1. Can you sort B:R39, A:R217, B:R341 from fewest to most other Cβ atoms within 10 Å of each residue's own Cβ?
2. Using the basic label-point model (7 angstrom from Cα toward the beta carbon), what is the B:K265 to A:E270 distance in nanometres?
3. Do any chymotrypsin sites (Phe, Trp or Tyr not before Pro) in the range B:14-88 lie in a loop, going by DSSP, with at most 16 other beta-carbon atoms within 10 Å of their beta carbon, and if so which?
4. I need the inter-copy label distances for A:V18: point set 7 Å along Cα to C-beta, values in nm with one decimal, smallest first.
5. With each label point set 7 Å from Cα along the Cα-Cβ vector, what nm distance links A:W225 and A:S243?
6. What are the extents of the Cα atoms of chain A along their three principal axes, listed from largest to smallest and rounded to whole Å?
7. With r defined as the distance between the Cβ atoms of A:Q199 and A:H318 and R0 fixed at 35 Å, what FRET efficiency is calculated, to the nearest 0.05?
8. As an exercise, use a Förster radius of 35 Å and the Cβ-Cβ distance of B:V18 and A:S62 to find the FRET efficiency, rounded to the nearest 0.05.
There are 2 protein chains.
Amino acid sequence: MSEKRRVTLKDIAIALNVSPSTVSRALNGYHSISDETVRQVKEYAEKHHYVPNTLAVNFRKSRTSLIGLVVPHIVHHFFSTTISGVIETAKKQGYHVLVTQSGDVKDGEIFACRTLLGMGVDGLVISVSNETFVAEHLQDFLDEEKPIVQFDKITDHIHSPKVVVDDFDGAYQAVKNLIDNGYSKIAHLSGRLEVKNAQGRFQGYKKALKDHGLEFREEWVKGCWDIIESEGFDFTKELMESSNPPDAIFCITDLVALGALKYLKSADYEVPGKVGLMGFSNWMLSEYISPSLSSVDQHGFEMGERATEILINLIKEHSLGEDDLIEMKTELIVRQSSQKRL
Amino acid sequence: MSEKRRVTLKDIAIALNVSPSTVSRALNGYHSISDETVRQVKEYAEKHHYVPNTLAVNFRKSRTSLIGLVVPHIVHHFFSTTISGVIETAKKQGYHVLVTQSGDVKDGEIFACRTLLGMGVDGLVISVSNETFVAEHLQDFLDEEKPIVQFDKITDHIHSPKVVVDDFDGAYQAVKNLIDNGYSKIAHLSGRLEVKNAQGRFQGYKKALKDHGLEFREEWVKGCWDIIESEGFDFTKELMESSNPPDAIFCITDLVALGALKYLKSADYEVPGKVGLMGFSNWMLSEYISPSLSSVDQHGFEMGERATEILINLIKEHSLGEDDLIEMKTELIVRQSSQKRL
DNA sequence: CTGTTAGCGCGTTCAT
DNA sequence: ATGAACGCGCTAACAG
């Protein structure tokens, strides 16, 4: 391997018999350089494939054009969609994204944040874990003047802009759809109510019941801990075998609804008709299962996009931003599982 | 905001009245430093939250601990799984991952590679696009002594280790399963045969037919261009309405199988029984649809893991590696759609 | 319009 | 066992 040392500013300067700073200025489009010099420099640079040494530039400017992204899980339809939104938006503005996953646990998140900070990211986009009730690892960013934007799963333990979906309204519309289709005994498989999203959806559920004069029963609300399929299955079994079974179930997320559906089918309940079912999040598979699952779309790409736009603006204006809460509207996707009660 | 300048080596040196190099050596565990000095330095560093400036370190060592990752799509169950594998493996070794997507088009891939190279990644893990028939943008990495490892979708236009799934064997086993279940007129919805994966699966399909004395008919093979659901639907319609319809279909990927299934159901073919169906890739949803879809799992996480291990080893030994081809075994996941022919 | 100088924070000789 | 000095490539402040 011959010495492939890349040409540097200095090389060009020597070759053209000018100073390195002139070359730098010519290349970076300063106005105080003669057209002729600029032409010469650019031509030489082009010809010799000059590529600025990013490491040196970053070092000098002490910024990296890197933004950190932390999500609970990468293999997850909604989050992978937001990741895509973040990356594409960053790309447009000349930023790059370091993607990490917390595994939805506190320690994973702390580790991710530490290494991201260590890598010198210019800012952070994060959807916090279910266990994030302290926020020192986030405060560390702010202490270094690096902005944070939270999205989807957020915590109030840190001051930062937040981009969320209007969970309350989304849940309200979802439950209303069930009601409109004739269901009146509506159960809810919720998440941990300390988590904002879960709380919002729970409140939307309650409000919809109330507005339509339907009764709210504690025993129709089951809290999922891990938000997985088996919880949907087990809780649904429990509900349907109780002395006062519901005729519809609104689930915190599609995966849970899938578990619910599995039980309902195994126990020969007609869905829809006998039991109505509604998910949340609009996973890809919801369109393909049978019956197809009605759900609430969260526009993940747009959320990632919005959060990233805000972050990059903050980075550019050297600001940490306000405690703003941006609520994005959801979209009710009506499919088969919530169709008319028979 | 008070000046939060981080403490540097020099700060510590001055405070302790030693030289910066001593501090550097003490912190990095050189042997030629007295225990006492080491103790003092470490204590001071600890107390004042000394964090090495990664930018400076990277600049000095001219390496970033960054590896670039290019996949066709992020929102894709298989690829998001491989991304996860890459990231987790990199993390274990102290590397970070810049994730990009090519959109499965040449220009997107070239752009991604250029910016990754510009960011100074130490190496590249890539699954090339369907349009990658030239490889200058990859050669650029090798020219800078930065290793590349390809995975899943690979090209021979560049010398590098490659991690793939044994498509031939996977397809063979898949088709054999259909045959074992009594199907004998087996069609294949393939991909573009110039693409390695598609070719491998096609060959495995042919070999399985041949080994079991079944006829191979050109008109039973349909080439999907975009590998999307609608192609599965349309080609299946075409096949089933032809004068000599097949009794089973082996699809290049689950999404195509889903389209096929949609048509078969809409036209009231029993699946399985009347028509057998087999996918490839084992998407998450395949487990949940009805009938559940038999498929071939590609162990995406492990592929990402393996590719990354190889890459990091190459980086560490300053090598570009050989043209090795690592073939990972697939796993046949038998579900309902390929069950016995009636 | 251009050159000179200086230094970002660190690792690494070469001395001692 | 330690310090002095240098330089990585680039940008910015200060002169002219």
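1. Sorted ascending by nearby Cβ count, the order is B:R39, A:R217, B:R341.
2. Each label point lies 7 Å from its Cα, and together they span 1.8 nm.
3. B:Y30
4. 4.7
5. Going from the A:W225 label point to the A:S243 one covers 2.7 nm.
6. For chain A, the Cα extents along the three principal axes come out at 91, 39, 38 Å.
7. With R0 = 35 Å, the Cβ-Cβ based efficiency is 0.55.
8. My answer for the efficiency is 0.85.
Readers should treat all values here as calculations from the given coordinates under stated rules, not as data from a laboratory. None of these values were measured; they are calculated from a predicted model. A quick note on method: Cβ atoms are made from the backbone with ideal geometry, for glycine too, and the neighbour counts reach across all protein chains shown.
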